[in-house]
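Enquirer: Sharing a structure here in structure tokens format.
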Amino acid sequence: MTVALEAAGARTSPTAAPCLRPVAGVAAVLLGAVISTLNTRVTSFGLADIRGGLGLGFDEGSWLTTAFSASQMVVAPCAAWFSIVIGTRRFLIWASVIFILSSLLLPFMAGYEAVIALQTIRGLAVGTFIPASLGFILRSLAPRWWIWGIAAYAFRFTFSQNVAASLEAWYSETGQWQWIFWQNVVLTSAMALIILWAVPREGINRELLRRTDWGGIIFAGLGFGLLYVALDQGNRLDWLNSGVVVGCLAGGLLLVAAFIVNEAIVERPLIHLRVLSQTNVAVPALLICSYGFGAQATAYVLPDYLTRIQGLRALQVGDVLNWIALPQVLIIPLVVLALRRIDARLLLAVGFALIAIGSWMDTGLTHDWAGGDFLPSQIVEAVGLAIGLTSLVTFAVSNIKPPQAAAIAATIQISRLFGIELGTAFMQTFVRVREQVYSNLIGQHLSAGSDVVDRVVTALSNVFGQRANNIGLETSQGMAQAGRFVQREAYVLAYIDGFWIVAWVLALALLLLVLLRRPPPNPMTPPRIDAPAPSR
């Protein structure tokens, strides 16, 4: 990416309209980014169908998503580098072939070990798509069109993350769970064919290959991968009470520490540490993590409520999430036009504020809320997500200098993956613990024999009385139903707390914006208006 950015201005006129092949090439790599995000979410939504189709238990199935996502983290630090060293065309074609074959074969696998192995291979292959796309966009388009490419890069995250529920639901409703994997054969084949036609051949840069920081690649990939495994399995295995989680945390932290030491002492590090110490690089990385955390309001809390409390099927949940996905098509072009005239920092503040407001609107939740009740907050969040991520990525990329390009590309991808996983792991544990707390607190106010409890149990017992065959059975059924009511209300209160957490995290993230400095003039920033010189 370093070499590419230096040559970008020489190969393209800053104001030239993009030609067909470069645009097709950009569309292909962006399709790869969509495939990557879509697969992660579809696999998560369709985990029950995959377990049933492959005959896996709950514990075995939980490792399917972990193996797939952690593998993407393993290749995140080095994917942008290797796309430069061996060429984007060669790099993505080989990754596409591996991903197509592993996706095609996985539904036919019988053994658990073979399934996990193929999931890991799939993750390693698809994990190259997103890091390689950003650099290709910048060196393939004329500078004036960079912002449109970056907007499309940001669009694919919010769109594919929320449309995945409807897609998986369609597979589930039609009984075609295999297409969770086979969809990649079609999509990735189309991507590879376009790349073969549109992306120019590049020779292997043997000088860069010789200078590759293999130690940094190994330490960073394995370290971040182990930390991801710990986060992904932490809630299920009860965190520090599990030897697996403790081992992954300890090993991951040691390897990351070794990576930092390695980068400090080697002559040509994979990621220059001084780059990460710059305010306009470190703060956007934290904001990307915050954005990933904030997206969990729609990625986890809302779907879990609709499934658990309202009993909605996946297709119905997808209909609700589409109110975030579909408006992106209209919002993103408007955001690009705004970025031409308004400082990205201001738009970033607006985006984060809208996400926080949308989450705050959901704190009025009751057990009666159905899909339509979330429509106002979903629209507010849709606008906020579109403005926030597009402005954030634009600001981060506008601070790129050629020697820093590969480091920033890796930083964006690692921050994105960690932000999403931190949000998911935290919310899963938080909702589980808060439900237990609220169940206990409600139970303390409902003692057996009290007038309120007796009236509720009697009313419920009368409902079951006509169907009860044994004496006393209707009373036990009434008590059980009352217990379910208590648990339902405890979950609702836990979800409300979850929405509050998201709102506060995004509100606090706004404070980080004061640390950002105006990026240097470039085609992605609005023109500066210099103050008039004072008259003499």
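Enquirer: Looking at 236, 206, which is the one that is closer than 30 Å to residue 433 by Cα and among the basic types (Lys, Arg)?
Expert: When all the criteria are applied, what remains is 236.
Enquirer: Additional query: Here is a check on your reading of the model: is residue 95 farther than 17 Å from residue 178 by Cβ, at pLDDT 95 or above and touching a Phe, Trp or Tyr at 6+ places or on another chain (Cβ under 8 Å)?
Expert: yes
Enquirer: Which residue out of 48, 33, 27 is surrounded by 21 or more Cβ atoms within 10 Å (Cβ to Cβ) and not polar (S, T, N, Q)?
Expert: Just one listed residue meets the conditions, 33.
Enquirer: Moving to a separate point now. Would it be correct to say that residue 91 is within 19 Å of residue 193 (Cβ to Cβ), free of Cβ contacts under 8 Å to residues at least 60 places away in the same chain and assigned to a helix (DSSP H, G or I)?
Expert: yes
Enquirer: Take region 296-309 and flag every residue that is surrounded by fewer than 17 Cβ atoms within 10 Å (Cβ to Cβ) and not charged (D, E, K, R).
Expert: 307
Enquirer: Tell me yes or no: at least one residue of region 172-194 is under 30 Å from residue 269 (Cβ atoms), in a helix (DSSP H, G or I) and of a type in the set (A, V, I, L, M, F, W, C). Don't jump to the end; show me each part of the working.
Expert: First pass over region 172-194, keeping only residues under 30 Å from residue 269 (Cβ atoms): none.
Within region 172-194, not a single residue is under 30 Å from residue 269 (Cβ atoms), in a helix (DSSP H, G or I) and of a type in the set (A, V, I, L, M, F, W, C).
Yes or no, residue by residue, for (1) surrounded by 20 or more Cβ atoms within 10 Å (Cβ to Cβ); (2) touching a residue at least 40 places away in the same chain (Cβ under 8 Å); (3) farther than 30 Å from residue 22 by Cα; (4) not hydroxyl-bearing (Ser, Thr, Tyr):
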site	(1), (2), (3), (4)
193	no, no, no, yes
197	no, yes, no, yes
228	yes, yes, yes, no
231	yes, yes, yes, yes
234	yes, yes, yes, yes
239	no, yes, yes, yes
251	no, no, yes, yes
265	no, no, yes, yes
268	no, yes, yes, yes
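Enquirer: Further question on the same structure: Could you give me the residue pairs with C-beta distances under 8 Å whose first residue belongs to region 342-366 and is without any contact (Cβ under 8 Å) to a residue 24 or more places away in the chain, whose second residue is among the β-branched types (Val, Ile, Thr) wherever it lies, and which are 6+ apart or on separate chains?
Expert: 361/380
Enquirer: Within region 45-74, track down each residue that is touching a helix residue (DSSP H, G or I) at 6+ places or on another chain (Cβ under 8 Å), touching a residue at least 40 places away in the same chain (Cβ under 8 Å) and closer than 20 Å to residue 176 by Cα.
Expert: 45, 46, 49, 50, 53, 54, 56, 64, 65
Enquirer: Within region 403-420, restricting attention to residues that are modelled with pLDDT under 85 and farther than 15 Å from residue 130 by Cα, which residue is farthest from the chain's Cα centre (by Cα)?
Expert: 403
For every residue, the table says whether it meets (1) over 28 Å from residue 137 (Cβ atoms); (2) at pLDDT below 95; (3) in a helix (DSSP H, G or I).
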position: 492; (1), (2), (3): yes, no, yes
position: 497; (1), (2), (3): yes, no, yes
position: 513; (1), (2), (3): no, yes, yes
position: 520; (1), (2), (3): no, yes, no
position: 524; (1), (2), (3): no, yes, no
position: 527; (1), (2), (3): no, yes, no
position: 531; (1), (2), (3): yes, yes, no
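Enquirer: Limited to region 119-140, what total is found for residues that are under 15 Å from residue 50 (Cα atoms) and surrounded by fewer than 22 Cβ atoms within 10 Å (Cβ to Cβ)?
Expert: Number of matching residues: 0.
Enquirer: Looking at residue 357, is it within 23 Å of residue 494 (Cβ to Cβ) and either in a helix (DSSP H, G or I) or out of contact with any helix residue (DSSP H, G or I) (no Cβ under 9 Å at 6 or more places or on another chain) (or both)? Before you say what the answer is, go through the steps one by one.
Expert: Working: within 23 Å of residue 494 (Cβ to Cβ): yes; either in a helix (DSSP H, G or I) or out of contact with any helix residue (DSSP H, G or I) (no Cβ under 9 Å at 6 or more places or on another chain) (or both): yes.
Yes; evaluated as a whole, the condition is true for this residue.
Enquirer: Of all residues in region 132-159, which are at pLDDT 85 or above, among the small types (Gly, Ala, Ser) and either within 19 Å of residue 38 (Cβ to Cβ) or assigned to a helix (DSSP H, G or I) (or both)?
Expert: Answer for region 132-159, where residues must be at pLDDT 85 or above, among the small types (Gly, Ala, Ser) and either within 19 Å of residue 38 (Cβ to Cβ) or assigned to a helix (DSSP H, G or I) (or both): 132, 133, 140, 149, 151, 152, 154.
Enquirer: Output the number of residues of region 318-363 satisfying the condition of being of a type in the set (A, V, I, L, M), within 18 Å of the chain's Cα centre (by Cα) and surrounded by fewer than 20 Cβ atoms within 10 Å (Cβ to Cβ).
Expert: Residues in region 318-363 being of a type in the set (A, V, I, L, M), within 18 Å of the chain's Cα centre (by Cα) and surrounded by fewer than 20 Cβ atoms within 10 Å (Cβ to Cβ): 1 in total.
The values are calculated or read from the model by the stated rules, or taken from the named source; none is laboratory data. Everything quoted here is computed from the prediction, not taken from an experiment. No Cβ is skipped: glycine too gets one built from the backbone with ideal geometry, and neighbour counts run over all protein chains shown.
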